[in-house]
1. With charges only on Cβ, +1 for K and R and -1 for D and E, what is the dipole size of region 145-294 about its Cα centre, in debye, rounded to 20?
2. Ignoring everything except DSSP H segments at least 4 long, calculate the 222 nm mean residue ellipticity for the chain; use -39,500 (n - 2.57) per segment, divide by total residues, nearest 500.
3. Lys/Arg Cβ at +1, Asp/Glu Cβ at -1, dipole of the chain taken about the Cα centre: which of 44, 189, 92 is farthest positive-ward?
4. What is the distance in Å between the Cα centroid of region 191-213 and that of region 4-35?
5. Taking Rh as the Kirkwood radius computed over C-alpha pairs, what is the Stokes-Einstein D of the chain at 10 °C in a medium of viscosity 1.306 mPa s, expressed in µm² per second?
6. Arranged from highest to lowest average of other beta-carbon atoms within 10 Å per residue, in what order do the peptides 262-270, 202-210 appear?
7. If packing is taken as the average count of other Cβ atoms within 10 Å, what order do 146-159, 224-237 fall into, highest mean first?
8. Could you line up 45, 142, 30 from fewest to most neighbouring Cβ atoms inside 10 Å?
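Readers should treat all values here as calculations from the given coordinates under stated rules, not as data from a laboratory. Values in this document were obtained by computation on a predicted structure and should not be read as measured data. In this analysis, Cβ positions are derived from the backbone assuming ideal geometry, glycine residues included, and neighbour counts consider all displayed protein chains.
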Amino acid sequence: MAVGQMVDPSFLNEKFTIQLNKRGLIKVSDETQMTLQNGILAGGDATTGPATVVNAVANGRKAVKGMNKFLNIENGITVKEEEFTTFNKETIKLHNAVILTGKPPAERTISEEDTLGLSQKEMGSEAGRCMNCACYSVNASDIAPVLMVLDARIKTTKREFTADDFCGKKYSNIDNLESDELVTEIVIPFTRGKMDYDKFRVCNAIDFAIVSLASVIDAEDGVVKNARFVFGGIAPIPVRASEVEEFVKNKKLTEAVISKVSEIAVTNVSCMEENTYKVQEMRALISRALLAVM
């Protein structure tokens, strides 16, 4: 049971040179969770004060990286940042939460919990009901897919990014920049082919894209020499349709080829039940872009 909100540092003895801050919490590195004694890491409420389980788990993730760095382990536990957060299609249909079973009042004591825990199966199904915020987050920017499809480069006061790295790697572009860093220039190279930006929205004048497609198609006599496609409005970051680009290269555009492209564009797409219409919009936008150069 949680019986207080204070950190008890009495377990620290003369073997440890770990320091506490003014709040009585263990001082750690924000990046690695390393304490002031090299090789000793800490996390959770002992370092932050009362917080959430999510914060404690995040501390653990940073600590793993800190351990790997300290031990010079390059192939330790890693997280593929490019993978999107997903959800369980079955458990999100469970609309009612699991209710903890309480002990009868006569059996309750001050030394044991009043409610019984969940089974492993119940915990799994309950956790599956959670939809990470990233599942709802959608990048609605008009300019990001365009910069990516044009292979633009973003220059700042300190360095230079490709548009793919700046717009298509992290959920928030702000995370790419340091606190004193500013974007100073956007360089767009010469691009050969038909350039287009098409988007589906409710009100053409003012609405952000519900689904968008930036495309560059270099074709001659109906044969595609090179093509680039970037979808917007379908994920937290713009999504490059790399498989479509590879498939369509050096192919003569026919109705059959375009139909196949529209299928490849939505391969492995996972969408919430009420968002299935976006799949049809993706297929329509990429078909329309290719028909324009057919």
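1. Numbers: 20 positive and 23 negative charges, 71 e Å.
In debye, rounded to 20, region 145-294 gives about 340.
2. On the way: 9 runs with 79 residues, N = 294.
That comes out to -7500 deg cm²/dmol.
3. The Cα lying farthest towards the positive end belongs to 189.
4. The distance from the Cα centre of region 191-213 to that of region 4-35 comes to 53 Å.
5. Working: Rh = 23.7 Å.
Roughly 67 µm²/s, to the nearest whole number.
6. Details: 262-270: 14.0, 202-210: 11.6.
The most tightly packed comes first, giving 262-270, 202-210.
7. On the way: 146-159: 18.1, 224-237: 22.1.
Peptide ranking by packing, descending: 224-237, 146-159.
8. Details: 45 18, 142 14, 30 8.
Listing 45, 142, 30 from fewest to most nearby Cβ atoms yields 30, 142, 45.
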